[in-house]
Structures are given as structure tokens and as C-alpha cells.
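First the structure, in the form of C-alpha cells, and then the observations on it.
Derivation of every value follows stated rules applied to the coordinates shown; laboratory data play no part. The model shown is predicted, which means the values in this text are computed figures rather than measured ones. All Cβ positions, even for glycine, are placed from backbone atoms using ideal geometry, and neighbour counts span all protein chains on display.
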Amino acid sequence: MESVVTLSAKDAGELFTLQRAAYVTEAQAHEDLKLPPLVESLTEVTNELDKPEVDSFGLRDGAQRLVGAVRVRVLPANAQCAEVGRLVVAPDVQGRGLGSRLLELVEERVSEDITELKLFTGERSVGNLRLYSRFGYQETHRVPTSSGYALVYLSKRLR
């Protein structure tokens, strides 16, 4: 069973590596090697983990390797809404329910003041879209990118 850990700047290097590995398949599916998670620098990841409005946590396996992670940001314009981002699972352990576990943890960990969760993914991320739908996220809109695919925005009401 994986243990839940809060991530901080000291975990940035490991998270950076996990993020890059996890997003390769997304880049291939969308034919876009410039996806933001792939071009985000180690410094940017470190800075993100230091922000007080961002709750970053992950899952470590028995060997203490970081195998999954997610970031949740309370949106400044609306303290009742949080954005779920950079949900990643190591490629060699995908399909074992870790993405589902991370989404469950998001809902367990957000403040009771949060009434809505938002996230987005690429339209060709069929597995992600299926997962989010299973968890009650509904599509709100799509935004075309200059790379020839759309970003799908979804939200979920809580409480």
C-alpha cells in the first residue's frame, strides 16, 4: 500500500522527474512535445511547491519511491474553488488505481469551504477523461490550442 506524503521544495527534483516521465504519453497522444508539464523547469516546480495556496501531495511505494502526485491550488478570485493540476502517475504503475486514489485524496484534503473543483486535460487523453467522468467531473468547455487539439475543461461540485 502506498503512503500519502505532503510534498515540499525538497521533493522538487523527484517530482520533476516523475512529471516528465508521466507526461511523455500525453505528449505523444497530442503530438506536442511542448506541453507545459514537459517544459516546466526544476526551478518552476520548486517555486510552485513553496506557494502557500498550493497543496502538493503524493504517493510513495514500499521502496519510498514517489509513484504519484497532484497539486491543488485555491483560486485567488474565488476562495470556494480549487484547481486540480499536474496529476501524475509513474508509467510503470499506471492502471493500478493510483490516479483514482489521488482524486479521492484531493476531495478528502480540500478545505470544507471549497465547493467546486476544476481541472483540464487534452481532448486526446481518453483515459484521463474517463477517470474524471467516473469521479463526477463534467465538461464545461473546450479551448482550441495552436497545436491542433483542444483542452477540455471540467468541474465538479462538492458538498
Practice problem: With respect to Glu104, determine if the residue is within 14 Å of the chain's Cα centre (by Cα), more than 18 Å from Gln19 (Cβ to Cβ) and not β-branched (Val, Ile, Thr). | Solution: yes
Quiz item: Within the range 54-110, restricting attention to residues that are farther than 19 Å from Lys156 by Cβ and acidic (Asp, Glu), which residue is surrounded by the fewest Cβ atoms within 10 Å (Cβ to Cβ)?
Solution: Asp92
Quiz item: What helices (runs of 4 or more DSSP H), lying completely within the range 1-78, carry at least 3 residues that are touching a helix residue (DSSP H, G or I) at 6+ places or on another chain (Cβ under 7 Å)?
Solution: 12-30, 42-50
Quiz prompt | Pick from the range 111-152, criterion in contact with a strand residue (DSSP E or B) (Cβ under 8 Å, 6 or more places away or on another chain) and among the acidic types (Asp, Glu), ranking: surrounded by the fewest Cβ atoms within 10 Å (Cβ to Cβ) | solution = Glu139
Quiz prompt | The listed residue being among the aliphatic types (A, V, I, L, M), within 18 Å of Ala12 (Cβ to Cβ) and touching an Asp or Glu at 6+ places or on another chain (Cβ under 7 Å), out of Val88, Val74, Val54 | solution = Val54
